[in-house]
Amino acid sequence: MTFLPLAVPAETRSVAAVALLVQSAVTPIARWAAGRFGDRYGSGRLLIPSVLVAAAGTAATAVLGSPVAVIAGMAVFGVGFGMAQNVTLAVMFDRVPESAFGRVSVLWNIAYDGGLGAGAVGFGLVVGGTGYPVAFAATAALLFAALVPAWRDQRKGSSL
């Protein structure tokens, strides 16, 4: 998200604005829908799908020369990102007693804000040596790699 306005070709800069607007619009809707689903069926069931969707959206965004791919990629990323926001917090709450909810909230917020900051710095370091398309593809690969611990956690029969 941070680098998208710089990443798109100069002649299509307005595409970045539209893509970021779309992403910002779908993220809270996906967050709400994930919460609604989680209340009925358990939030943990959405962890792997949320990572898959976010990774797929990021991969599509790597096609920076295509306005449709960038806008669609950011829409798909926004859905996965919104789902993951809800799911990760809900799963953390599920795993602790109510007396630890304050600590969970603080830890989740630190991880969220720290992750956004560290991700932007890391992306900036990668993009300097590879260019934007490769950096977006590498980010998608990193997101796909996050499926391994999520899958292992589910397999162990945790509260996911």
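The values are calculated or read from the model by the stated rules, or taken from the named source; none is laboratory data. Here the structure is a predicted model, which is why all the values come from computation and not from measurement. Every residue, glycine among them, receives a Cβ derived from its backbone with ideal geometry; neighbour counts consider all protein chains shown. Only protein heavy atoms, including side chains, enter the accessible area calculation; ligands, DNA and RNA are left aside. Shrake-Rupley method; radii C 1.70, N 1.55, O 1.52, S 1.80 Å.
Some observations on this one:
- Estimated FRET transfer efficiency (Arg152, Ser66; beta-carbon r; R0 35 Å; 0.05): 0.50
- Of all accessible heavy-atom area on segment 44-117, the percent that carbon and sulfur account for (1.4 Å): 72
- Viscosity 1.306 mPa s, temperature 10 °C, Stokes-Einstein D of segment 1-106 from Kirkwood C-alpha radius, µm²/s: 110
- The chain: most fluctuating residue of Pro97, Pro149, Pro49 per GNM, C-alpha cutoff 10 Å: Pro97
- For segment 45-87, backbone nitrogen atoms closer than 13 Å to the point 7 Å from Ala10 Cα along Cα-to-C-beta are found at no residue.
- Degrees, to the nearest 10: 13-41 long Cα axis against longest axis of the chain: 10
- Over the chain, DSSP H runs of length four or greater, each weighted -39,500 (n - 2.57), average out per residue to a 222 nm ellipticity of -27500 deg cm²/dmol.
- Between segment 1-75 and segment 114-147, the Cα center-to-center distance that results, in Å: 15
- Residues of segment 10-160: accessible area per residue with a 1.4 Å probe, Å²: 54
- Only protein atoms count toward the accessible area here, which uses a 1.4 Å probe; on segment 1-40, the carbon and sulfur part of that area reaches 65 percent.
- Modelled label positions at Arg40 and Val18, each set 7 Å beyond Cα in the direction of Cβ, lie 3.3 nm from each other.
- Longest site-free stretch - the chain; sites: trypsin sites (Lys or Arg not before Pro), DSSP loop, at most 13 other Cβ within 10 Å: 1-94
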